[in-house]
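Step one of this worksheet: look at the structure below.
The values are calculated or read from the model by the stated rules, or taken from the named source; none is laboratory data. Note that the coordinates shown come from a computational prediction; the quantities given were computed from them, not determined experimentally. Cβ sites come from the backbone with ideal geometry, for glycine too, and all protein chains shown count toward neighbours.
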Amino acid sequence: MTKTVALQKCDEYDFEKVLTCVKKLLELVPPPDVRGKTVLLKPNILYPKAPELAVCTHPVVVGAAVRAFKELGAARVIAGESPAIAGSATAAKATGMYEQVINNGGEWADFKEHVSVPCPDGKVVKNLDFARQFLEADIVVSLSKLKSHQLMAYTGAMKNLFGLMIGLEKAGCHYRFSKKEDFAAFLTDLVVAAKPGYAIMDAIVGMDGPGGPGSGDPIQLGFLAASDNILALDWKCAELVGYNPHNVLNLEDALRRGIWLNSPAEITTSGAAEEACRSTSFRIVRDSKALSNQMPGVINFLAKKLLMKTPHFNARKCKKCRRCEQICPAHIIKMNGTDSTARLADKSKCLHCFCCHEICPADAIVLKRF
Ligand code: SF4
Ligand code: SF4
């Protein structure tokens with residue numbers, strides 16, 4: 001494993017241009033030898049949305065990655081995902097991803113059945129339930145979208161692998177690891193168990209602002225990045241859009257494990273210049289936990305209370321789809337608001353996981369501090 005991140009400037013989702021960039025990334029930082037092997041690509045489909053809204057990895061990037069790995073000699077390239085709500089193939093078809101995968105010689109995998117995968121070195125878990133197709137893969141590739149994230153501040157290649165777990169099982173993990181530090185440790189354990197051999201970041205158009213990762217604003221970033229070192233990739237991408245990655249709890253937890261990096265100073269880049277990929281207008285989400293951890297004693301306690309956000313429901317926007325009710329790990333969302341719309345039944349039991357906010361298709365849930 002190297003500590004190098006390959007960068008390529010790319011301004012539009014034109015298939016030939018994206019394919020050229022993806023091939024260049026694979027030349028600059030080569031993946032493990034895929035000849036005759038099965039590659040499992042894990043794109044991000046948080047829930048099915050049009051590509052231009054930047055909720056999901058762009059289908060053209062997925063198609064180009066399938067083609068590039070096939071051309072490198074992979075026997076099979078499987079792409080799969082399990083959105084929290086909506087069937088896997090239905091979601092892939094709605095986003096245009098399914099067609100791209102099939103047309104470029106890949107297979108779409110419905111993540112439906114799970115298998116138990118050991119994680120003996122895990123800090124908070126020793127076993128994880130992954131989609132069955134994980135066991136068919138010789139090489140796992142995270143194919144992520146660069147986005148802001150209300151819970152973890154930033155989401156990219158590492159967090160994307162959470163989707164190896166099936167549907168609502170993911171929400172249960174928020175209940176089990178309701179402290180943010182524990183959830184960060186859980187995410188790192190999950191990446192340790194998944195052992196990704198490569199990761200590609202779709203940062204041609206990312207998502208920024210307080211609505212991320214489900215309803216933030218698309219922002220033109222104009223680059224693709226890749227590495228065989230998933231932490232190096234996330235660290236560099238987070239930094240390029242303005243985060244201090246030390247304040248992204250799961251990246252900091254991963255750094256402390258010393259598996260991928262001993263220090264961020266070890267990361268090098270190749271290909272496009274870092275300055276050409278840097279964004280000064282990306283609106284980052286500041287992690288309240290990381291910020292309050294930097295404050296002492298009683299100030300820390302008060303800061304935690306004041307910085308903590310809870311969901312507020314807008315009855316006029318609610319479409320009564322019940323997705324938030326189904327996903328809430330604390331079972332505190334009820335459809336008994338104005339006109340049977342969704343509302344928070346018991347604020348005191350909220351885990352602040354923001355799954356409801358992520359999944360709402362109507363932008364009807366806002367996170368507020370008061
Ligand atoms: S708040 Fe959003 S997710 Fe919940 S029922 Fe209304 S529209 Fe659906
Ligand atoms: S109300 Fe929303 S933020 Fe609170 S526990 Fe339920 S899903 Fe998580």
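Some observations on this one:
- Conditions (1) crowded, with 24+ Cβ neighbours inside 10 Å; (2) part of a loop (DSSP other than H, G, I, E, B); (3) among the charged types (D, E, K, R): number failed by Asp11: (1)
- Scanning segment 323-335 for residues that are without any contact (Cβ under 8 Å) to a residue 24 or more places away in the chain and near ligand 2 (Cβ under 10 Å from one of its atoms) yields Glu325, His331, Ile332, Ile333.
- Residues that are within 8 Å of ligand 2 (Cβ to nearest atom) and not in a loop (DSSP other than H, G, I, E, B), drawn from segment 336-358: Leu344, Lys349, Cys355, Cys356, His357
- Checking Thr57 against (1) under 18 Å from Glu136 (Cβ atoms); (2) buried (at least 23 other Cβ atoms within 10 Å of the Cβ); (3) not charged (D, E, K, R), the condition it does not meet: (1)
- Matching residues, segment 177-216, being within 16 Å of the chain's Cα centre (by Cα) and acidic (Asp, Glu): Asp189, Asp202, Asp208
- Where Ile267 falls short, out of the listed (1) touching a Lys or Arg at 6+ places or on another chain (Cβ under 8 Å); (2) at positive phi: (2)
- Within segment 45-55, considering residues that are hydrophobic (A, V, I, L, M, F, W, C) and either out of contact with any strand residue (DSSP E or B) (no Cβ under 8 Å at 6 or more places or on another chain) or at pLDDT 95 or above (or both), the one nearest to Thr95 (Cα to Cα): Ala50
- Yes/no for Gly211 being in contact with a strand residue (DSSP E or B) (Cβ under 8 Å, 6 or more places away or on another chain) and in a loop (DSSP other than H, G, I, E, B): yes
- Against the conditions (1) assigned to a helix (DSSP H, G or I); (2) within 10 Å of ligand 1 (Cβ to nearest atom), Lys317 satisfies every one except (1).
- Residues within segment 312-370 that are crowded, with 19+ Cβ neighbours inside 10 Å, in contact with a helix residue (DSSP H, G or I) (Cβ under 6 Å, 6 or more places away or on another chain) and farther than 20 Å from Met152 by Cβ, tallied: 3
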